[in-house]
Amino acid sequence: MIVIRGATTIAQDEPQEIKSAVKELLDQIVSRNKITRDSIMSIVFSSTSDIHSYYPAKAAREAGFETSSLFSAQEPEIEGGLKLCIRAMLFVEQNITPHHVFLRGARALRKDLADKMNIAIDGPAGSGKSTIAKLLARDYNILYLDTGAMYRACALKALETGVDLEREEGFVDLMRELALDIVYEDGAQKTMLDGRDVSEEIRQPRVSMAASTVSKHACVRMKMVEKQREIAGKISCVIDGRDIGTVVLPDADFKFFLTASPDVRAKRRYDEMTAKGYEVDFNVLKEDILARDKQDSTRAIAPLRQADDAVLIDTSSMTIDEVLAEMKRRIQEKI
Ligand code: DC
C-alpha cells in the first residue's frame, strides 16, 4: 500500500469550481502514477476553511471514483496559509513510487514536487516588464530570464565586429561563432559574451536600438529562441521579451502583455538612465522608444504582439506594487 498526495486551488468557492478542480486533481494523480481507479482504496480530502459550497468527496464520487471510500474534512484557518485549497491523500493498493501532484496555486506548497511553471511577460520597452519580472521571480522563488539582454549581447558583438546591422548575411557566421552564456549570481542574471561580463555594457542607448535591428534577422532569432527554450524547458522561470507568449513559449502557464503610454515609458527609461549616470535627452529617448516600438512590432518574424491568451495590463498609471498585485491575482485566479 502506498499513499499519494495531491493538492489544488480554486478561484472561487463555487460548486462547479470544486467539482472540476477535484476531477482534474484525481485524473492527474491517476494518469501520472499510472494506477487504476479500482486500486484506490480510499481518498481523504481536506479543504481550507474558506471552502463551504461543496464536499470534495461528493465531487470525487461524481467524477467516477465510486469504488473508493471517500472522506472530506475542513482545516482550521491558518494565518498566511494558502487560500481556497483542496488537499487529497490517496491510499492505493499498489507497489509503486508515488508521484505526488500539486496543481494550480498549490504548486507553491511544494516547489520541489511541482511541475515547472513558466510566466511569460511581453511588451514594449519601458512597459515595466523587467522590473515586474524580477519581483515576480523573487516572490515565487524562480528564475528570471531577460531575453532582451540576449539580443543586446548579439548587437554588442555586431557593433564590435563592425558588421552591417541591417544585412542578415553578416550574422550567419557571427551567430555560429557567438559565445553567449547566461549565468546567475545571487539570483541576478549575468550576460556573458565571449567569456566577458557585458551585463552593464549592453544597457547603453546605442545598444538598445542596435538590438532592435539585429533581432529582425531570422538566424539571430533562431539561435536566441533555441537558447531561451532550453533554459525555460529545464526550470521554472519568469521570462520577458517581445515574442515569449506568441513564439518562444506558446504553452506558457501564464502570459501577460504589459503596456504604458509612450510618455510614461520614456520617463521611466529617462529616470533609469540618469540614475545610472548616462546623459540622455528625454525627447531623443522618446523618439528612440517609438522607433524601436515600430521596428519591433512591424518586423516580419516574431513581431512584438500580444498573444491571444495573454492578460493585458496598462501600467501607465499603476505603481509597481499595484502591477505586481494584479499579476499575482491573475495567476491565483487561473491556478
Ligand atoms: O527588452 P529590451 O529592451 O532589453 O530588448 C532589446 C531589443 O531586443 C528589443 O528592442 C527587441 C529585441 N527583443 C526581441 O526581439 N525579442 C525578445 N524576446 C526580446 C528583445
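The values are calculated or read from the model by the stated rules, or taken from the named source; none is laboratory data. Predicted model only: the values in this text are computed from it and were never measured. Don't worry about glycine lacking a Cβ; one is built from the backbone with ideal geometry, like all the others, and counts go over all protein chains shown. Accessible surface areas use protein heavy atoms only, side chains included; no ligands, DNA or RNA. Shrake-Rupley method; radii C 1.70, N 1.55, O 1.52, S 1.80 Å.
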(Q) Restricting to segment 200-216, name every residue that is buried (at least 19 other Cβ atoms within 10 Å of the Cβ) and either in contact with a helix residue (DSSP H, G or I) (Cβ under 6 Å, 6 or more places away or on another chain) or within 16 Å of LYS134 (Cβ to Cβ) (or both). (A) ILE202, VAL207, ALA210, ALA211, SER212, VAL214, SER215
Q) Condition test on ARG269, is it within 15 Å of the ligand (Cβ to nearest atom), at pLDDT below 95 and not in a loop (DSSP other than H, G, I, E, B)? A) yes
Q) What number of residues within segment 11-26 are open to solvent by less than 50 Å² (accessible area, probe 1.4 Å) and either part of a strand (DSSP E or B) or at pLDDT below 95 (or both)? A) 1
Q: Filter segment 283-330 for residues that are surrounded by 15 or more Cβ atoms within 10 Å (Cβ to Cβ), within 16 Å of the ligand (Cβ to nearest atom) and not in a helix (DSSP H, G or I) and give the result.
A: ARG299, ALA302, PRO303, LEU304, ARG305, GLN306, ALA307, ALA310, THR315
Q.
Can you report the number of residues in segment 37-89 which are open to solvent by 90 Å² or more (accessible area, probe 1.4 Å) and in a strand (DSSP E or B)?
A. 2
Q) Within segment 127-141, is there a residue that is touching a strand residue (DSSP E or B) at 6+ places or on another chain (Cβ under 9 Å) and open to solvent by 70 Å² or more (accessible area, probe 1.4 Å)? A) yes
(Q) Which condition from (1) within 16 Å of the ligand (Cβ to nearest atom); (2) in a loop (DSSP other than H, G, I, E, B); (3) under 17 Å from the mean Cα position of the chain (by Cα) is the one that TYR278 breaks? (A) (3)
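Sort out which residues of segment 128-185 are hydroxyl-bearing (Ser, Thr, Tyr) and under 28 Å from the mean Cα position of the chain (by Cα), and write them in order of number. If you could, list the steps in order and put the result at the bottom.
Start the filter on segment 128-185 by keeping residues that are hydroxyl-bearing (Ser, Thr, Tyr), which leaves 130-131, 140, 144, 147, 151, 161, 184.
Those that are hydroxyl-bearing (Ser, Thr, Tyr) and under 28 Å from the mean Cα position of the chain (by Cα): SER130, THR131, TYR140, TYR144, THR147, TYR151, TYR184.
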Q. Out of all the residues in segment 228-258, which are away from the ligand (no atom under 13 Å from the Cβ), more than 26 Å from ARG269 (Cα to Cα) and either of a type in the set (Gly, Ala, Ser) or surrounded by 22 or more Cβ atoms within 10 Å (Cβ to Cβ) (or both)?
A. GLY233, SER236
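Hey, can you tell me all the residues within segment 49-108 that are of a type in the set (D, E, K, R) and without any contact (Cβ under 8 Å) to a residue 40 or more places away in the chain? Reasoning before the result, please.
First pass over segment 49-108, keeping only residues of a type in the set (D, E, K, R): 50, 58, 61-62, 66, 75, 77, 79, 83, 87, 93, 104, 107.
If the condition is that a residue be of a type in the set (D, E, K, R) and without any contact (Cβ under 8 Å) to a residue 40 or more places away in the chain, then ASP50, LYS58, ARG61, GLU66, GLU75, GLU77, GLU79 are the ones that fit.
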